[in-house]
1. Being of a type outside the set (D, E, K, R), in contact with a strand residue (DSSP E or B) (Cβ under 6 Å, 6 or more places away or on another chain) and within 14 Å of the ligand (Cβ to nearest atom) is the filter here, so list the residues in segment 11-33 that pass it.
2. Would you tally the residues in segment 34-45 being in contact with a Leu (Cβ under 8 Å, 6 or more places away or on another chain), open to solvent by less than 30 Å² (accessible area, probe 1.4 Å) and either in a loop (DSSP other than H, G, I, E, B) or more than 8 Å from the ligand (Cβ to nearest atom) (or both)?
3. With the requirement that a residue be part of a loop (DSSP other than H, G, I, E, B), of a type in the set (D, E, K, R) and open to solvent by 10 Å² or more (accessible area, probe 1.4 Å), what does segment 644-686 give you?
4. Restricting to segment 477-492, give me the number of residues that are over 14 Å from V116 (Cα atoms), touching a residue at least 40 places away in the same chain (Cβ under 8 Å) and not in a helix (DSSP H, G or I).
5. Checking G381 against (1) over 30 Å from A85 (Cα atoms); (2) over 28 Å from the mean Cα position of the chain (by Cα), which single condition isn't satisfied?
6. Name every residue in segment 78-94 that is small (G, A, S), open to solvent by 30 Å² or more (accessible area, probe 1.4 Å) and free of Cβ contacts under 8 Å to residues at least 24 places away in the same chain, in order of residue number.
7. Of all residues in segment 626-643, which are over 16 Å from A402 (Cα atoms), surrounded by fewer than 19 Cβ atoms within 10 Å (Cβ to Cβ) and touching a helix residue (DSSP H, G or I) at 6+ places or on another chain (Cβ under 9 Å)?
Amino acid sequence: MNTRVVRAACPHDCPDTCAMLVTVTDGVATAIRGDPDHPNTAGVLCTKVSRYLERTYHPDRIRQPLKRIGPKGSGQFAPIGWEEALATIAARLQGVAARDPRAILPYSYAGTMGAVQGESMAMRFFNRIGASRLDRTICASAGGVGMKYTVGAKIGTDTEQFEHARLILIWGGNPIASNLHFWMRAQEARRKGAILVAIDPYRSLTAEKCQHHVALLPGTDAALALGIMHVLVRDGLLDHDYIDHYTLGFESLRERVVEWTPQRTADTCGIDAARVEWLARLYGETAQRGEPVAIRMNYGLQRVRGGGMAVRNIACLPALVGAWRHPAGGVLLSSGDSFPRRPDRLERPDLYRADPARPARTINMSTIGDDLLRPASDDFGPAIESVIVYNANPVAVAPESAKVARGFLREDLFTVVLEHFRTDTVDYADIVLPATTQLEHTDVHATYGHQYIVANNPAIAPLGEAKPNSEIFRLLAQRMGFDEPCFADSDEAIAEQAFEAGHAHTRDYDWTSVKAKGWYKLDMPPAPFAEGGFPTPSGKCEFYSERMAQHGLDPLPAYIPPYESAASAPELARTYPLAMISPPQRNFLNTSFVNVQSLRDTEGEPHLELHRVDAAARGIRDGDRVRAYNDRGEMLACARVSDRPRQGLVVALSIWWKKLAADGRNANELTSQRLTDMGRAPTFYDVLVQVEKVPAS
Ligand code: SF4
């Protein structure tokens, strides 16, 4: 028997980007575990990815190319060879491109986070065609822009330092489900005496394990941050030396927050004024004692109309109290901008040939429902004639799902999907191409939760006729006659190009040694903004942002109410009185893993969690079948009645494959395509619904 251990990286859309060890015996992967030597992974994989072998060797893996033989959406396919698949796609794309290449649209996101199997060869291909560009907004762009306006970049506290904090605010996230290795650090901090406070409208698994839980109304986080600032200023709980040296616009901020009294904050957030006072004083007084106070923000809070501003307001707090002075202080939303990436080398935007008659067009992936249904016009440009989907599942994930499905149903739309499984989106494809999983290809990963580049070496041969995304686009480029040398780059060559060696953060970075060791930690100062140095135009933390003023935004921290809430839309709330959020189900990761039987068995079926008062008012008992609905759509679910959601809130843990739900629907039937204040992101958690019991038939 020939057994070896291969160093790999978890590819999924998770901030932890674990280093993994895969045991391979005679060409078959037999075990997978977290690398005990990787400081962030510490030998632990989450439940989902510990089942990665079940997913890799799943009997439903797509193992050869398929072509559609039934109506769109029916999922009826026949196997074809690679030659036929590639020739068909190339011929169709050449026909569309001859009319207008902007009618071709790539659609991709974080199905894999890898630099090689993500946007490398794929983007070279689409740039060379002159296809529409995709604005990849679906998860994180609102918060990312909020951070950039305020501290200059998505850079923050090192996750490994959180265990030394004395107070941690876990704001808008449920790390037990979606940031496990941060949670391990937070627990360590608690064992050393730290206080953990969860800020979340829902008593998640994490919130119930923190000492304190502030259950505010969804979409009001920006107001809570303003209220905290009010108390910090009113009570002098400030680090004036830090403010004087390293911030911009404090006097304007001081005036702005005067109006955000604890009572006004409490009224806006649906909590007690005493709770606002307590939280603000806890934060400010802990910092005044010279103890590290840290905030772990997550993306849940920015999925509302004012999501960018909410992140901005929270990002102001550490500078007010001087929390950045400590390695274990500050705030972390994402570490993504810490990595010196080279998209110019990976994606080759220079291959795009500008045509003044056809100005470049960008389609927002969050409004794909509307855009697939849009006819050609002077404003819009050509109707979308072809979509190539990879690393994404828009029929289940994009908002206002019924419209998305209607768009993909168009008979005149040519759709190609690169996938592992027959997802909801695959059902609408004309051609399906089998893609390799992480065990079957080479990749290299940055992350958004820690400071390591992690290498992925192939552990096993591709299953069936599956090919890496990079190879699929390499072959398509050949078929299209693209002869630029970059289309011949191997995956190894692409991995080597992914990061800048010799940058201040990667002085001794070298791909060959990284793939042998498995990872590389960036060379970052332990407290990135201890002495200012913010990558903003002023070099300071910008309470006042001139860039925001220039972009037509309020340049100071503000509160932007949700589109849909009892306070901001009372008419709508009379018909649809319950707010709905759809955060990640612990055993699913977006729509990955929903078809892994052992994980789906744990979840059973789609549930809708209701507060017991809201349930009683509707005659709903635990276990009843319920219907949630609004003007956009409806879904059926099994009711879970508890006091976990705050009153007035329902929670649909997600994201279910629609075809695996009894009614063929999921929570995105109810979400809207309206966008956030900045970053053009979706507002998945800015939704009003009504819920009723479904009579037993
Ligand atoms: S999903 Fe996250 S926690 Fe789970 S193995 Fe991957 S990176 Fe680690």
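The values are calculated or read from the model by the stated rules, or taken from the named source; none is laboratory data. This structure is a prediction, so every number in the text was calculated from the model and none was measured. Glycine gets a Cβ as well: all are built from the backbone with ideal geometry, and neighbour counts include every protein chain shown. For accessibility, only protein heavy atoms count, side chains too; no ligands or nucleic acids. Shrake-Rupley method; radii C 1.70, N 1.55, O 1.52, S 1.80 Å.
1. Step one: of segment 11-33, the residues of a type outside the set (D, E, K, R) are 11-12, 14-15, 17-25, 27-32.
Those still in the list that are in contact with a strand residue (DSSP E or B) (Cβ under 6 Å, 6 or more places away or on another chain) too: 12, 17-25, 29-32.
Passing the criteria: H12, T17, C18, A19, M20, L21, V22, I32.
2. If we filter segment 34-45 for residues that are in contact with a Leu (Cβ under 8 Å, 6 or more places away or on another chain), which is where we start, we get 34-35, 44.
Narrowing further to those that are open to solvent by less than 30 Å² (accessible area, probe 1.4 Å): 34-35.
From the residues that got through so far, the ones that are either in a loop (DSSP other than H, G, I, E, B) or more than 8 Å from the ligand (Cβ to nearest atom) (or both) too are 35.
Going through segment 34-45 one residue at a time, the tally reaches 1.
3. As a first pass, look at segment 644-686 and keep what is part of a loop (DSSP other than H, G, I, E, B): 644, 646-648, 652-653, 655-657, 661-666, 670-674, 676-681, 683-686.
Those left that are additionally of a type in the set (D, E, K, R): 644, 646, 663, 665, 674, 677, 680, 686.
Listed by number, the residues that qualify are R644, R646, D663, R665, R674, D677, R680.
4. Start the filter on segment 477-492 by keeping residues that are over 14 Å from V116 (Cα atoms), which leaves 477-485.
Next cut, touching a residue at least 40 places away in the same chain (Cβ under 8 Å) only: 477, 479-480, 482, 484.
With not in a helix (DSSP H, G or I) added as a condition, the list becomes 480, 482, 484.
Residues that pass the stated criteria total 3.
5. (1)
6. Our first condition is that a residue be small (G, A, S); within segment 78-94, this holds for 78, 81, 85, 87, 90-91.
When the remaining residues are screened for being open to solvent by 30 Å² or more (accessible area, probe 1.4 Å), the result is 81, 87, 91.
Result: G81, A91.
7. Listed by number, the residues that qualify are S642, D643.
For every residue, the table says whether it meets (1) under 22 Å from V145 (Cα atoms); (2) open to solvent by 60 Å² or more (accessible area, probe 1.4 Å).
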site: Q550; (1), (2): yes, yes
site: P561; (1), (2): yes, no
site: E571; (1), (2): no, yes
site: S592; (1), (2): no, no
site: T602; (1), (2): no, yes
site: P606; (1), (2): no, no
site: A617; (1), (2): no, yes
